[in-house]
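Take a look at the structure set out below.
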Amino acid sequence: MHLADTRIEHEAGGWKIDFIGDDGDAVSVKVADEHAVSADEALERAKAVMVQLTAYGTRGGGRSLNSYDAVSNGNFDDEPLLDTRH
């Protein structure tokens with residue numbers, strides 16, 4: 001799924017963030033009001049939840065192996081930001 005759109009709605013008790021893929025698939029994350037007071041905070045919290053779930057689904061239930069993996073957005077096919085060639 002490649003992210004095509006993100007929708008944020010405030011509902012009773014919290015925020016609903018929908019991550020919508022270019023193929024029509026969608027993933028929703030609910031963030032409680034106590035964790036976010038604004039749409040921006042709710043989006044950041046939802047992204048953090050997705051990172052935790054990605055680590056869960058790809059590493060046999062364990063946490064990310066290192067700090068880079070923990071904050072990575074998973075775009076491993078993109079060009080690297082740093083030139084590591086010597």
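Residues with beta-carbon under 14 Å from that of A42, excluding A42: net charge, scoring Lys, Arg +1 and Asp, Glu -1?
It works out to a net charge of -3.
Taking only the alpha-carbon positions of the range 1-46 and ignoring solvent, what does the Debye formula give for the base-10 log of I(q)/I(0) at q = 0.13, 0.22, 0.31, 0.33 Å⁻¹?
With one equal scatterer per Cα and no solvent, log10 I(q)/I(0) is -0.27, -0.66, -1.03, -1.12.
In the neighborhood of F19, defined by Cβ-to-Cβ distances under 10 Å, what is the net charge if each Lys or Arg adds +1 and each Asp or Glu adds -1?
Net charge in that neighbourhood comes out at -1.
Let me check I've understood the local charge: for T6, count other residues with C-beta under 15 angstrom from its C-beta, Lys and Arg +1, Asp and Glu -1. What total comes out?
-3
Where a number appears in this text, it was derived from the coordinates with a stated rule and is not lab data. Nothing here was measured: the structure is a model prediction, and the numbers come from that model. Glycine gets a Cβ as well: all are built from the backbone with ideal geometry, and neighbour counts include every protein chain shown.
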